[in-house]
Amino acid sequence: MLKGKMYCFRAEWKSSKNFDRQNLPDWLCLDADWQGFKIATIPEVADVAEILGILQINDSPDRWISHLESLGLKGVTQVCCEEMFEDKGYT
């Protein structure tokens, strides 16, 4: 049974100079606005990647922040997912 949960984060785009959007893993959804990057985890994909051994992560916000920072994102903070998607009408 899949166990993952969706987490949402923001990262500073100005200080994330080493981040390459082309190498974004399939278990992350990325968008950007004037405040920086908006990142959401995709639990269905992350769970499968974890089972296959592609993603080595304990499903917690702190572990996700470490993972995002390892991809080159800087200034990563967790945000409420409802806040992140309210402009799209998903809440």
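Quick notes on this structure:
- Size of electric dipole in the stretch 12-91: Cβ of Lys, Arg +1 and of Asp, Glu -1, about Cα centre, debye, nearest 20: 400 debye
- The listed residues CYS8, CYS80, once ranked by accessible area (1.4 Å probe) with the largest placed first, stand as CYS80, CYS8.
- Over the chain, all Cα pairs binned in 10 Å intervals from 0 give whole-percent P(r) values of 16, 52, 29, 3, listed from short to long.
- Excluding same-chain neighbours fewer than eight residues apart, the aspartates and glutamates reachable from LYS3 by a Cα-Cα span under 14 Å are GLU44, ASP47, GLU50, ASP59.
- Accessible area (Å², 1.4 Å probe, nearest 10) - VAL48: 70 Å²
- Positive end of the dipole of the chain (Cβ unit charges, origin at the Cα centre): among CYS80, TRP64, LEU52, the Cα lying farthest that way belongs to TRP64.
- For the stretch 15-64, a Kirkwood hydrodynamic radius built from all Cα pairs, placed in the Stokes-Einstein relation at 25 °C and 0.890 mPa s, yields a translational diffusion coefficient of 202 µm²/s.
- Ignoring lysines fewer than eight residues from LYS74 along the same chain, the ones with Cα atoms less than 19 angstrom from its Cα are LYS14, LYS17, LYS38.
The values are calculated or read from the model by the stated rules, or taken from the named source; none is laboratory data. Keep in mind the model is a prediction, meaning the values are calculated, not measured. No Cβ is skipped: glycine too gets one built from the backbone with ideal geometry, and neighbour counts run over all protein chains shown. Keep in mind that these areas ignore ligands, DNA and RNA; they rest on the heavy atoms of the full protein, side chains included. Shrake-Rupley method; radii C 1.70, N 1.55, O 1.52, S 1.80 Å.
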